Structure formats: structure tokens, C-alpha cells
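Engineer: Quick one: the structure is below, questions incoming.
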Amino acid sequence: MAKLDISKLFHDSAKALTDARERCIQVHPTDIRAAGNEVEITVRDFFQRMLPHRFHVTHGHLIDQNGTVSPQIDLIISDNTGLPSLLTASDGTKYIPVESVFAIAEIKSTYYRSQRPISGFSKTLKMIREDMARPLLLNTAHDGLQDTSTMRDLMLGCPHKYLNPLFSFMVFVNDGDMADNILDSELQENLDADLPGMMIALNRGVIFYCRQNDQGLSFEKYPSHVAPEEYSWRISPLSGGSESGSLEGNHLGMLYYALISHLNQSFLEPPDVRPYFSSMLIGRKSTTREFKKPQSGRGDGIAPVTPPTPPDMRVRIRRFLSDGGDRP
């Protein structure tokens with residue numbers, strides 16, 4: 001029986017990302033932004049291909065019910081069964097309801113220490129967490145069956161405190177001039193709660209948030225949901241155990257595993273679109289006109305017209321009446 005070699009699959013996918021970076025550098029040797037845009041497209045295509053159809057992969061801005069808009073986000077994964085996108089502007093910019101979003105990501109072709117990319121994305125995450133209206137849905141079955149537990153939460157079986165946490169991550173196709181001291185500096189200058197849940201540099205390793213326990217390292221995808229004194233950041237290369245795999249493929253596979261686990265354990269309620277348009281749905285009674293219904297007729301203001309009786313029918317009626325109405 002044939003077997004799927006998952007390690008090779010991710011090896012090939014990671015190679016496609018690194019090849020896209022190399023091509024972009026050759027085509028746009030001095031235009032970092034143009035090269036980065038091409039790599040972003042390749043990464044989005046990867047997730048669009050890999051994820052089930054119930055998930056919508058795009059890029060654009062998040063928007064909440066108050067009209068607050070996030071900065072541009074490279075990768076957004078939203079609920080394709082609800083409202084994956086609120087609207088698309090004439091210039092092609094997409095605005096995604098923040099309640100419909102499962103995960104967001106920042107994609108970088110190369111890590112450049114001068115750009116402080118982790119700190120930059122952390123500022124975006126902090127703004128979304130503090131300034132945008134995205135209420136967390138409490139998992140009433142998180143601590144087992146309680147008096148307040150709902151049947152929905154019991155059936156979902158979500159292991160997390162909240163049903164709709166926002167997972168965030170970063171992808172660096174190449175580690176560039178990333179060094180341990182530079183990485184440590186970026187992590188230290190931001191609150192753990194504002195940092196993405198996972199970061200990968202394809203050719204270097206996986207950066208994750210964890211704590212030590214009796215079983216080893218416990219990985220946490222949502223830094224803002226746990227006590228920071230119990231956790232720390234670590235970077236680890238994943239050499240893997242398959243000859244058909246690769247370092248880059250293993251790191252991409254680890255990210256995909258974390259993402260798919262998050263998606264399988266999350267639940268989003270359909271957003272209420274009325275507040276998004278409430279500022280437009282305002283009128284005055286004094287300027288509102290009521291159209292009166294006609295008292296008689298067909299309701300269109302035109303009196304009904306009785307169709308003329310055909311001549312042959314008039315003859316039959318006269319014969320019927322002259323005979324006394326005994327036969328038609």
C-alpha cells in the first residue's frame with residue numbers, strides 16, 4: 001500500500017518558497033518591497049492550497065464594528081462559511097471583519113535587523129488587541145462540566161479558555177542577519193502578550209513560547225492568555241528523522257501543524273453586520289413619506305377594467321335566458 005511522505009511534501013513546499021525568494025532577488029535586486037510582495041503571494045498560495053475550503057486566505061485590513069481599521073496585514077485567514085470579507089474597495093483593498101478572523105501573519109522574505117520586523121508586527125498585534133472590538137468567547141467547559149457549561153461548548157471539546165483566540169505568526173523565508181543577541185533584543189523590548197504566537201526562519205529554526213514541565217516543553221500558541229512568569233521564548237532547529245525531509249520543510253511543517261491545530265480547536269460566531277452600517281441607517285421622521293394604499297382597485301392606483309364579453313358568448317347567454325335557464 002502506498003504511503004504519503006509528508007516530510008517530502010513540506011520539503012518541496014519550503015523549496016518553492018526559497019526558490020521564489022531567489023527569483024525575486026534576481027529580478028528585483030534593489031527593490032526589497034517588490035521582492036517581498038512576490039514572496040508574500042507564494043506563501044499565501046501555499047496556505048490557500050493546503051487549508052480546507054472553509055478557510056479563506058487573503059490579505060488586507062481588519063475592521064471592527066466601530067470602524068477601527070488595522071494596518072495592512074500580509075496574511076489573513078478568515079471563516080469562509082460566514083462573512084470572510086466585509087467589502088473590497090475600488091483599489092482592491094479588502095476589509096475583513098475582525099470577528100471572522102482565525103489567524104493573521106506577517107511574511108518577510110529576509111530578516112533585516114535594521115527593520116526590527118518582530119517589534120513592528122508586535123505593535124500591530126497590540127493595536128488589534130487593545131483598540132479593536134473582538135470579544136473573546138469564554139469556553140464554559142474549559143474546566144470540565146460546570147453548572148454554567150453549555151451543550152455547545154461541551155460538544156466542541158475545545159481545550160482552551162476561549163473559543164475564538166486569534167493566532168498570529170511570522171514567516172522569514174531567510175534569516176538574513178538574524179543573530180541570537182539581536183533576536184533576544186527584539187523579544188525583550190516587547191511584552192510577551194504583544195508578540196506573535198510563533199515565528200519561523202525557514203533556514204534557521206522555530207521561535208516559540210513555552211514552559212518546562214515533567215513531560216518536556218509545553219508549547220503555548222497564545223502568549224496573551226497565560227502568566228508570562230511561567231513561560232520563556234526559545235529557538236530550536238528541527239532536524240527531523242526523515243531522509244526525504246529538510247530543515248526548511250520541517251520548520252514549515254511545524255508552523256502548519258500549529259496553525260491547523262488552532263483552526264480545529266477554534267469556534268467563531270457569525271459577525272453581526274448591522275453595527276458596521278449603523279451610521280448610514282439613520283433617517284428623520286419628518287423627511288419620511290408614507291405611500292397610502294388605495295381604498296379599492298388592484299393596489300396600483302388604476303381602477304379594474306371589466307373585459308368585454310365575446311359576441312358568441314352573448315348569443316349563448318340570450319338563448320339560455322330565453323329558455324328559462326333550464327339548460328346551458
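Engineer: I need the full set of residues from the stretch 64-88 which are in a loop (DSSP other than H, G, I, E, B) and among the hydrophobic types (A, V, I, L, M, F, W, C), in order please.
Structural biologist: Going residue by residue through the stretch 64-88, those that are in a loop (DSSP other than H, G, I, E, B) are 64-68, 70-72, 80-86.
Matches in the stretch 64-88: Leu83, Leu86.
Engineer: Restricting attention to the stretch 260-269, does a residue exist that is of a type in the set (A, V, I, L, M, F, W, C), part of a helix (DSSP H, G or I), modelled with pLDDT of 90 or more and within 30 Å of Leu9 (Cβ to Cβ)? It would help to see each step written out before you state the result.
Structural biologist: Filtering the stretch 260-269 for residues of a type in the set (A, V, I, L, M, F, W, C) gives 260, 263, 267-268.
Checking the rest, the ones that are also part of a helix (DSSP H, G or I) come to 260, 263.
Next cut, modelled with pLDDT of 90 or more only: 260, 263.
Remaining after also requiring within 30 Å of Leu9 (Cβ to Cβ): 260, 263.
Yes, the stretch 260-269 has at least one match.
Engineer: Okay, next question. So in the stretch 161-175, with the set limited to residues that are surrounded by fewer than 20 Cβ atoms within 10 Å (Cβ to Cβ) and over 18 Å from the mean Cα position of the chain (by Cα), which one is nearest to Leu247 (Cα to Cα)?
Structural biologist: Result: Asp175.
Engineer: Between a residue in the stretch 263-288 that is free of Cβ contacts under 8 Å to residues at least 12 places away in the same chain and among the basic types (Lys, Arg) and any residue that is surrounded by 10 or more Cβ atoms within 10 Å (Cβ to Cβ) and assigned to a loop (DSSP other than H, G, I, E, B), which pairs come within a Cβ distance under 9 Å, given they are 6 or more apart or on different chains?
Structural biologist: Final answer for the pair search is Arg274/Gln65.
Engineer: Collect the residues in the stretch 42-56 that are surrounded by 13 or more Cβ atoms within 10 Å (Cβ to Cβ) and either at pLDDT below 95 or in a helix (DSSP H, G or I) (or both), keeping them in residue-number order.
Structural biologist: Here is the first cut: in the stretch 42-56, the ones surrounded by 13 or more Cβ atoms within 10 Å (Cβ to Cβ) are 42-48, 50-51, 55-56.
Thr42, Val43, Arg44, Asp45, Phe46, Phe47, Gln48, Met50 - these are the residues of the stretch 42-56 that are surrounded by 13 or more Cβ atoms within 10 Å (Cβ to Cβ) and either at pLDDT below 95 or in a helix (DSSP H, G or I) (or both).
Engineer: Can you find a residue in the stretch 236-254 that is touching a Phe, Trp or Tyr at 6+ places or on another chain (Cβ under 8 Å) and either among the β-branched types (Val, Ile, Thr) or part of a strand (DSSP E or B) (or both)?
Structural biologist: Yes, some residue in the stretch 236-254 is touching a Phe, Trp or Tyr at 6+ places or on another chain (Cβ under 8 Å) and either among the β-branched types (Val, Ile, Thr) or part of a strand (DSSP E or B) (or both).
Engineer: OK, next. If I ask for residues that are closer than 15 Å to Glu99 by Cβ and surrounded by 10 or more Cβ atoms within 10 Å (Cβ to Cβ), which ones from the stretch 262-276 would you list? Show your work before the answer.
Structural biologist: First, pick out the residues of the stretch 262-276 that are closer than 15 Å to Glu99 by Cβ: 266-276.
Those that are closer than 15 Å to Glu99 by Cβ and surrounded by 10 or more Cβ atoms within 10 Å (Cβ to Cβ): Ser266, Phe267, Leu268, Glu269, Pro270, Pro271, Asp272, Val273, Pro275, Tyr276.
Engineer: Please determine whether any residue of the stretch 206-219 is touching a Phe, Trp or Tyr at 6+ places or on another chain (Cβ under 8 Å), surrounded by 18 or more Cβ atoms within 10 Å (Cβ to Cβ) and touching a residue at least 60 places away in the same chain (Cβ under 8 Å).
Structural biologist: no
Engineer: Mind checking which residues of the stretch 139-159 are surrounded by 17 or more Cβ atoms within 10 Å (Cβ to Cβ), assigned to a loop (DSSP other than H, G, I, E, B) and not hydroxyl-bearing (Ser, Thr, Tyr)?
Structural biologist: Residues of the stretch 139-159 that are surrounded by 17 or more Cβ atoms within 10 Å (Cβ to Cβ), as a first pass: 139-141, 153, 158.
Filter once more, so that each one left must be assigned to a loop (DSSP other than H, G, I, E, B): 139-141, 158.
Once the filter is applied, which keeps residues that are surrounded by 17 or more Cβ atoms within 10 Å (Cβ to Cβ), assigned to a loop (DSSP other than H, G, I, E, B) and not hydroxyl-bearing (Ser, Thr, Tyr), the stretch 139-159 yields Asn139, Ala141, Cys158.
Engineer: Moving on. All but one of (1) closer than 19 Å to Leu268 by Cα; (2) surrounded by fewer than 19 Cβ atoms within 10 Å (Cβ to Cβ); (3) out of contact with any Lys or Arg (no Cβ under 8 Å at 6 or more places or on another chain) hold for Asn80, so report the exception by its number.
Structural biologist: (3)
Engineer: I'd like to know if the stretch 222-231 contains one or more residues that are more than 30 Å from Pro135 (Cβ to Cβ) and modelled with pLDDT of 90 or more.
Structural biologist: First pass over the stretch 222-231, keeping only residues more than 30 Å from Pro135 (Cβ to Cβ): none.
No, the stretch 222-231 contains no residue that is more than 30 Å from Pro135 (Cβ to Cβ) and modelled with pLDDT of 90 or more.
Engineer: Six or more apart or on different chains, Cβ atoms under 7 Å: show the pairs whose first residue is in the stretch 131-152 and under 29 Å from Tyr276 (Cα atoms) and whose second is surrounded by 13 or more Cβ atoms within 10 Å (Cβ to Cβ) and acidic (Asp, Glu).
Structural biologist: Correct list of pairs: Met132/Asp64; Ala133/Asp64; Arg134/Asp64; Arg134/Glu99; Leu137/Glu269; Asn139/Asp153; Thr140/Asp153.
Engineer: Still on this structure, please answer the following. Here is a list of conditions, (1) at positive phi; (2) among the small types (Gly, Ala, Ser); (3) touching a Pro at 6+ places or on another chain (Cβ under 9 Å), and Gly60 meets all of them except one; can you say which number that is?
Structural biologist: Every condition holds for Gly60 apart from (3).
Engineer: Only one of (1) in contact with a helix residue (DSSP H, G or I) (Cβ under 7 Å, 6 or more places away or on another chain); (2) within 28 Å of Lys15 (Cα to Cα) fails for Pro228. Which number is that?
Structural biologist: It is condition (2) that Pro228 fails.
Engineer: Looking only at strands (runs of 3 or more DSSP E) that lie completely in the stretch 180-235, which have at least 2 residues being over 29 Å from Thr18 (Cβ atoms)? Break it down into steps so the answer makes sense when it comes.
Structural biologist: Numbers: elements: 198-201, 205-213, 216-220.
In the stretch 180-235, 205-213, 216-220 are the strands (runs of 3 or more DSSP E) which contain 2 or more residues that are over 29 Å from Thr18 (Cβ atoms).
The values are calculated or read from the model by the stated rules, or taken from the named source; none is laboratory data. These numbers come from a predicted model, not from an experiment. Backbone-built Cβ (ideal geometry, glycine too); neighbour counts: all protein chains shown.
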